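The values are calculated or read from the model by the stated rules, or taken from the named source; none is laboratory data. Remember, predicted model here, so these are calculated numbers, not experimental data. Counting neighbours? That spans all protein chains shown, and the Cβs are built from the backbone with ideal geometry, glycine included. The accessibility values were calculated without ligands, DNA or RNA, using every heavy atom of the protein model including side chains. Shrake-Rupley method; radii C 1.70, N 1.55, O 1.52, S 1.80 Å.
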Amino acid sequence: PCNLTGWWKNDLGSRMQVFKVGNDGTFSGEYHTAVSSAKNPIQPSPLVGSQHLDEDGQHTFGFTVNWKKFSDSTAVFVGQCFNRDDEKEVLHTSWLLREKVNSEADDWRATR
């Protein structure tokens, strides 16, 4: 079965460390993004999530990253872990990023 515990790297060079997945599927860790539009220097950011543990081992999961150390934004990721034929595990994810805006009129441009 896919095990999220450990280090993961994406195509853009961002890295994620999941410390431990609990028996109930909850986990925490740190996200080290390689890309940002923030003016402040990038710093590792805390993440919390949950993994759906099922019998076939190709689990779905979701997590939230709070970029509070360098940005006024929050991102959510959802995905699934796949076991490849070569015995490697790969994660496929989609994400939404919410940036802080100064008014409700600017809400239309706050989510990517």
Residues being part of a loop (DSSP other than H, G, I, E, B) and either in contact (Cβ under 8 Å) with a residue 60 or more places away in the chain or farther than 21 Å from M16 by Cβ (or both) - total across region 88-112: 5
Cβ-Cβ under 6 Å pairs, at least 6 apart or on other chains, region 1-14 side at positive phi, far side open to solvent by 40 Å² or more (accessible area, probe 1.4 Å) and hydrophobic (A, V, I, L, M, F, W, C): G13/A34
Boolean, T64 is within 21 Å of N10 (Cα to Cα), polar (S, T, N, Q), open to solvent by 60 Å² or more (accessible area, probe 1.4 Å) and touching a Gly at 6+ places or on another chain (Cβ under 8 Å): no
Counted residues, region 1-32 - those being under 16 Å from A75 (Cβ atoms), modelled with pLDDT of 95 or more and open to solvent by 80 Å² or more (accessible area, probe 1.4 Å): 1
Any hit, region 33-49, residues being at pLDDT 95 or above and over 19 Å from G13 (Cα atoms): yes
